[in-house]
1. In this structure, does ALA155 turn out to be under 29 Å from LYS121 (Cα atoms), among the aliphatic types (A, V, I, L, M) and either touching a Cys at 6+ places or on another chain (Cβ under 6 Å) or touching a residue at least 60 places away in the same chain (Cβ under 8 Å) (or both)?
2. With the checklist (1) in contact (Cβ under 8 Å) with a residue 60 or more places away in the chain; (2) farther than 22 Å from ASN363 by Cα; (3) not assigned by TED's automatic domain parsing to the domain that holds ILE111 in hand, flag the one item TYR441 doesn't pass.
3. Could you list, in sequence order, all residues of the range 347-366 that are under 48 Å from the mean Cα position of the chain (by Cα) and in a loop (DSSP other than H, G, I, E, B)?
4. Go through (1) crowded, with 16+ Cβ neighbours inside 10 Å; (2) modelled with pLDDT of 85 or more and name the single condition LYS283 misses.
5. Quick one: which of ALA245, ALA254, ALA259, ALA231 is buried (at least 17 other Cβ atoms within 10 Å of the Cβ), touching a residue at least 24 places away in the same chain (Cβ under 8 Å), more than 16 Å from ARG101 (Cβ to Cβ) and among the small types (Gly, Ala, Ser)?
6. If you check ALA342 against the conditions, is it in contact (Cβ under 8 Å) with a residue 40 or more places away in the chain and touching a helix residue (DSSP H, G or I) at 6+ places or on another chain (Cβ under 8 Å)?
Amino acid sequence: MPRHATPPAPSDSVLKVSTLMFTRFLLHVFDARARRWAGGLAICALASLPVAASTKAADRPLGGIAAIVNEQLISIRDVTARLGLMRLDNQAATSARGQRRMAQRALTELIEEEIKLQEAKRLAMKVSSTDLTKAWQTIAQNNQLSVEDLRRKMADQNVDPATLTRRLRAEILWSRAVARKYLRLVQITDTEIDEAVALDEAARNEPRDRLSEIVLRRDRAKSLENLRRRAEELQRLLRDGASFADLARQYSEAPSAKAGGAVGWIPRGRLPALLETAVADLKIGEVSASLETPLGIQLLRLDDRQTDAAVNPLNDRVTLAQVFVPVSADTETAQATAEATAQRVTAVATSCADLRRLAKEINSPASPDLGTMAIGDLAPKLRQQVLPLAVNTPTAPITLPNGFMVLMVCAREAAAPPKPDRERIRARLREERLSAYARQYLIDLRQVATVDRRL
């Protein structure tokens, strides 16, 4: 095995960026998964839990070995524990073949983690209990659970916490190793940011589709007929109500498989003609027919569609006026009288000046001027009334616990597209470039590693 020169120790700025990369990775991966996990995310705070140390092959009986990575053992028990974590992640296999594929995927993940952990050990890198504690506190908060609740949920699902500890420890160390080795090579110029801003603005203002995919790759070991049969089976499972994301994780052979097949937003006209035509005919939530391409067979699902500029109308700013009509007593007569007064305001008012005059006439106890605000800042009940409202048009009486309200939009300012955040774009480009370096880094380590895969 070739010897590696130890890189120089990272500066404080390198460590800060690498920690930020890891935090973003955790929030992205686990927040997205939390929304999919039925019954909530069952993860516990692992800072206080022991991590199973790697065990040399010579120290364990051969019968329980799933793989050996540079003399470090991965046991069948390790694979079983990781499968438990995958089941928690809604990745339960639906067939015997699917279970075998999931077991192989679990083993591959463990092998890659072992390679990452060994590289971190070579670089003398460590993860502190504080790092893990902070990460798990953040995850718990983002899932609206306490750390104790997360621990209980994992125990309820019989998921071994050590396998998740191992995964997190490996990713923390790996992000730091990548930053130490490559961060100094990643310099994002102002010209690159300008180009990214132009692309983002073009994509924002043109029609686009948010897609997910399942890709069955064609190779020498798989005939096209076999791929067609598998695609037909997937279509049948989808018709029977199976989750597209679960099937993508189990069967798709594209990089998007780990994200449940999610590809993201694709501007119109950027796909090959066959796929573009298929997507154009889909409604949101529908899945395409099986599409044969040079890559193999693809199934596409339309998750969302944008047909015009991506400006959120809830960001529109409105200047509002009101008339509040209180109910004078807790009787049906008082209720009816107040409602009739509010209905008269709606029928008579044609401007905000009218509304202010009527508020004074009925001696409304509330100020008629509510000021200027974003529609999204209003209470949901009021937001629904104001969103479609034209200027100088009153709402119908809105029932409140203690009376009735009539609202009117005096002025409306349409929201402008958000200004590009150049520092956020710089960070995104840096992370994309570091991710590419990280993939190649892992490939290089994998090529020189001695891996005896037995499962």
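1. No: the conditions fail for ALA155.
2. (3)
3. Correct list: ALA349, THR350, SER351, SER364, PRO365, ALA366.
4. All conditions pass for LYS283, except number (1).
5. Being buried (at least 17 other Cβ atoms within 10 Å of the Cβ), touching a residue at least 24 places away in the same chain (Cβ under 8 Å), more than 16 Å from ARG101 (Cβ to Cβ) and among the small types (Gly, Ala, Ser) holds for just one of ALA245, ALA254, ALA259, ALA231, which is ALA259.
6. It is false that ALA342 is in contact (Cβ under 8 Å) with a residue 40 or more places away in the chain and touching a helix residue (DSSP H, G or I) at 6+ places or on another chain (Cβ under 8 Å).
For (1) within 26 Å of TYR251 (Cα to Cα); (2) modelled with pLDDT of 90 or more; (3) assigned by TED's automatic domain parsing to the domain that holds GLU119; (4) not polar (S, T, N, Q), each residue gets a yes or a no:
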position: ALA58; (1), (2), (3), (4): no, no, yes, yes
position: ILE65; (1), (2), (3), (4): yes, yes, yes, yes
position: GLU71; (1), (2), (3), (4): no, yes, yes, yes
position: ASP78; (1), (2), (3), (4): yes, yes, yes, yes
position: GLY84; (1), (2), (3), (4): yes, no, yes, yes
position: GLN91; (1), (2), (3), (4): yes, no, yes, no
position: SER95; (1), (2), (3), (4): yes, no, yes, no
position: GLN99; (1), (2), (3), (4): yes, no, yes, no
position: ARG105; (1), (2), (3), (4): yes, no, yes, yes
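Results for (1) among the aromatic types (Phe, Trp, Tyr); (2) surrounded by fewer than 22 Cβ atoms within 10 Å (Cβ to Cβ); (3) outside the structural domain of THR130 (by TED's automatic domain parsing), shown as yes or no for each residue.
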site: ASP160; (1), (2), (3): no, yes, no
site: THR163; (1), (2), (3): no, no, no
site: ARG166; (1), (2), (3): no, no, no
site: ARG169; (1), (2), (3): no, yes, no
site: LEU173; (1), (2), (3): no, no, no
site: ALA177; (1), (2), (3): no, no, no
site: TYR182; (1), (2), (3): yes, yes, no
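The values are calculated or read from the model by the stated rules, or taken from the named source; none is laboratory data. Quick caveat: nothing in here was measured; it's all calculated off a predicted structure. Note: ideal-geometry Cβ built from the backbone for every residue, glycine included; neighbour counts use all protein chains shown.
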